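One structure is given below, encoded as structure tokens.
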Amino acid sequence: MCGIVGYVGKRNAWEFLLEGLRRLEYRGYDSAGLATRTPENSLDFSKSVGRITALSSQLETRPLAGTLGIGHTRWATHGPPSQENSHPHLGGDGEVAIVHNGVIENYQSLKQELEIEGYCFRSETDSEVIAHLIDRNLARLVSDAEWSACTPNELAAEAVRGALAGLRGTLGLAVIFRRFPGLLVAARRGSPLVIGVGKDEHFLASDSSALAGYTDKIVYLADHQIAVLTADQLNVTHRETGAVRHLIQTLQLDTRQVELGSYPHYMLKEICEQPQSLADTMRGRFDSEDATSVFGGLNLSPQQLRSVDRILLTACGTSWHAALVGEYLIEEMARLPVEVEYASELRYRNPPVDRGTLVFAITQSGETADTLAAMREMKRKGHPTLAICNVVGSTAAQESDGGIYLHAGPEIGVASTKAYTSQCLVLSLLGLYFGRMHHLSYDAGRRYLEGFQRLPELIDQTLQCKSEVQRIAEKYAHCRNFLYLGRQHNFPTALEGALKLKEISYLHAEGYPAAEMKHGPIALVDENTPSVFIMPPGGIYEKVLSNVQEVKARGGPVIAIVSEGAERVAALADDCVYTPAVPEYLQPFTTVVPLQLLAYYIALLRGCDVDRPRNLAKSVTVE
Ligand code: G6P
């Protein structure tokens, strides 16, 4: 949550900063602001409540001078969205400006201490204490004879280091100083930061999508590292171990991947990209000879993998729904018991976890605070803990014992779509992998492989339902409550369909196992409460058909997600969306697509901001 950017070099800083914030806007959009150091040796600001477009119009009228600057897009935690609470925050009388992503837990006591010393607070945020602490440290250092001979780089780094020592909580931080031209300090503890290395310039951002097109040389900052950036130098130190030799990596991202192109919204773009994202997720992961899947980064010996007798999947939000799909598929293919835990619960629980348990943390961003905490807790207890994530170099990728990248490409729409289907695919491939290691026959393995290989083409066909779904959305967009019902493999899809609608159209939607609706949700059924049944043919199709009858008998409209040959349900349902006929293990992929589209079109009709739904952020880096 919250995106931060920084620049030092020869360009007008505000131009990169603004573009960087645009690309990071998915991380928060309550307010935005920039600060630059001007050629007149002062710090100048532009801040605005609301979306980046408001800040952008302000900057067009009054651009900020200077080739050094920082920027921030906010997801409010402490203090409502307002001009005063927008970052950057000033320290002291304007000696330093900071932008912060994270939460400072002990800010109240620090604020009291600083107020007693005469510091005047201008906002209600927790972040402002950091600015004043740095200002106080700097004042002490410059008046200390021992430090007076030090270089600006050393003084600035020390002022930040000293401030961090007294802070509890998480931070990604960028600082500029009025008295030090051409110098920016960045620090990380818990919230991600990436440095872009250019020719005579350095960039800073919360994630690499902001850097695409500016440079492909990047350095991932690790926890407890402080970096001093000038136009031509980058010095990284660790809080305890001192100087660090930073590793410059190549960014595999081109600007087209983070641009909208001809689509009106990222969400629609990402829904339509699923044939490609699934193809990318499976690329290089099939071993046709042995009818199994292969993973390069598990970092476990064949013996360790063979001794796995239980799998624990932990995640939040949509990733948790993917884990539920994984539970069905891995148990079916590998006959290994799988448990799925909300990361926010697991981190504080102390469940008995056997030695043979392999833990997977599933997270698109690799930065979700609860998922990281659950992952660390499991590692602390000695379990091999792997990450399934999309963002290369993310904290989950760095801290896990190994893992699997989704390779789904950047996902920018706040509501996850293509990352979800790629997560389901990786989990299915894991099911196949463990299945083939144990009882699954060569023939069965080959059939599964062939099925997965067909997915891009099947999703392409499924996407043909767009105009039908749009028509259905128009018919039901006025309704306030929706039920999403499915059984077995299609139950997680019901949960995910309901979540998509809630997230982006602010309507009440409940996902439920179809047979369980008799124990409560059926009381909601009336002529204005549509029930969306996810019911392609399968082992208990007849049973779901009875559930449809039960809803119809009470006057509830039924939207059925079916596949060809569904005459009986077509006769009962008010509206049907047809998806390709596929075996049950592929249904979670094909049936979720119409539900993503339904949420999208209903949100559009209701005038909602599809890519930036209210109160949400893509990357939830606070607890
Ligand atoms: C937020 C996002 C969701 C996402 C969840 C978990 O709530 O809005 O789309 O599913 O976080 O995120 P992760 O990056 O860990 O998958």
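The values are calculated or read from the model by the stated rules, or taken from the named source; none is laboratory data. Note that the structure is predicted; figures quoted are calculated from it, not measured. Cβ: placed from backbone, ideal geometry, glycine included. Neighbour counts: every protein chain shown. Only protein heavy atoms, including side chains, enter the accessible area calculation; ligands, DNA and RNA are left aside. Shrake-Rupley method; radii C 1.70, N 1.55, O 1.52, S 1.80 Å.
The table below lists the values:
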{"item": "Any pair with Cβ under 6 angstrom, 6 or more apart, that starts in segment 255-281 at a residue that is on the phi < 0 side of the Ramachandran plot and ends at one that is part of a helix (DSSP H, G or I) and open to solvent by 40 Å² or more (accessible area, probe 1.4 Å)", "result": "275/460"}
{"item": "Sole exception among (1) free of Cβ contacts under 8 Å to residues at least 40 places away in the same chain; (2) of a type outside the set (Gly, Ala, Ser); (3) within 16 Å of the ligand (Cβ to nearest atom); (4) closer than 22 Å to residue 474 by Cα for residue 615, by number", "result": "(4)"}
{"item": "Test for residue 448: is it open to solvent by 40 Å² or more (accessible area, probe 1.4 Å) and either away from the ligand (no atom under 16 Å from the Cβ) or under 22 Å from residue 282 (Cβ atoms) (or both)", "result": "no"}
{"item": "Residue in segment 574-581 that is open to solvent by 40 Å² or more (accessible area, probe 1.4 Å) and out of contact with any strand residue (DSSP E or B) (no Cβ under 7 Å at 6 or more places or on another chain) present", "result": "no"}
{"item": "Every residue from segment 144-180 that is part of a helix (DSSP H, G or I) and over 18 Å from residue 224 (Cβ atoms)", "result": "152, 153, 154, 155"}
{"item": "Selection within segment 64-84 - outside any strand (DSSP E or B), at pLDDT 95 or above and in contact with a helix residue (DSSP H, G or I) (Cβ under 7 Å, 6 or more places away or on another chain)", "result": "64, 66, 67"}
{"item": "Output for segment 95-131, where each listed residue is in a strand (DSSP E or B) and not β-branched (Val, Ile, Thr)", "result": "97, 100, 101"}
{"item": "Number of positions in segment 210-232 that are open to solvent by 20 Å² or more (accessible area, probe 1.4 Å) and outside any loop (DSSP other than H, G, I, E, B)", "result": "3"}
{"item": "Some residue of segment 545-555 being on the phi > 0 side of the Ramachandran plot, small (Gly, Ala, Ser) and out of contact with any Cys (no Cβ under 8 Å at 6 or more places or on another chain)", "result": "yes"}
{"item": "Selected residue [surrounded by fewer than 17 Cβ atoms within 10 Å (Cβ to Cβ) and touching a residue at least 60 places away in the same chain (Cβ under 8 Å)] from 453, 464", "result": "453"}
{"item": "Any chance residue 90 is open to solvent by 10 Å² or more (accessible area, probe 1.4 Å), of a type in the set (A, V, I, L, M) and at pLDDT 95 or above", "result": "yes"}
{"item": "Members of segment 234-259 found to be at pLDDT below 85, assigned to a loop (DSSP other than H, G, I, E, B) and under 24 Å from the mean Cα position of the chain (by Cα), listed by number", "result": "252, 253, 254"}
{"item": "Test: residue in segment 74-83 that is closer than 14 Å to residue 7 by Cα and open to solvent by less than 30 Å² (accessible area, probe 1.4 Å)", "result": "no"}
{"item": "Condition check for residue 135: touching a helix residue (DSSP H, G or I) at 6+ places or on another chain (Cβ under 6 Å) and touching a residue at least 24 places away in the same chain (Cβ under 8 Å)", "result": "no"}
{"item": "Residue within segment 490-511 that is part of a loop (DSSP other than H, G, I, E, B) and without any contact (Cβ under 8 Å) to a residue 60 or more places away in the chain present", "result": "no"}
{"item": "Some residue of segment 564-585 being in a helix (DSSP H, G or I), closer than 30 Å to residue 372 by Cα and within 16 Å of the ligand (Cβ to nearest atom)", "result": "no"}
{"item": "Flag if residue 376 is free of Cβ contacts under 8 Å to residues at least 60 places away in the same chain, surrounded by fewer than 21 Cβ atoms within 10 Å (Cβ to Cβ) and closer than 30 Å to residue 217 by Cβ", "result": "yes"}
{"item": "Test set (1) open to solvent by 60 Å² or more (accessible area, probe 1.4 Å); (2) more than 24 Å from the chain's Cα centre (by Cα) - residue 65 fails condition number", "result": "(1)"}
{"item": "Segment 278-303, residues that are among the hydroxyl-bearing types (Ser, Thr, Tyr) and within 13 Å of residue 452 (Cα to Cα)", "result": "281, 288, 292, 293"}
{"item": "Segment 297-321, residues that are touching a Gly at 6+ places or on another chain (Cβ under 8 Å), small (Gly, Ala, Ser) and without any contact (Cβ under 8 Å) to a residue 60 or more places away in the chain", "result": "307"}
{"item": "Members of segment 405-428 that are within 25 Å of residue 357 (Cβ to Cβ) and surrounded by fewer than 24 Cβ atoms within 10 Å (Cβ to Cβ)", "result": "405"}
{"item": "Flag if residue 432 is surrounded by fewer than 24 Cβ atoms within 10 Å (Cβ to Cβ), touching a Phe, Trp or Tyr at 6+ places or on another chain (Cβ under 7 Å) and not aromatic (Phe, Trp, Tyr)", "result": "no"}
{"item": "Cross-chain or 6+ apart pairs with Cβ under 6 Å, segment 359-372 first and closer than 18 Å to residue 336 by Cβ, then near the ligand (Cβ under 7 Å from one of its atoms) and open to solvent by 20 Å² or more (accessible area, probe 1.4 Å)", "result": "none"}
{"item": "The lone exception for residue 459 - which of (1) within 26 Å of residue 287 (Cα to Cα); (2) in contact with a Leu (Cβ under 9 Å, 6 or more places away or on another chain); (3) within 16 Å of the ligand (Cβ to nearest atom) it fails", "result": "(3)"}
{"item": "Pick from segment 290-326, criterion open to solvent by 30 Å² or more (accessible area, probe 1.4 Å) and under 15 Å from the mean Cα position of the chain (by Cα), ranking: farthest from the ligand (Cβ to nearest atom)", "result": "320"}
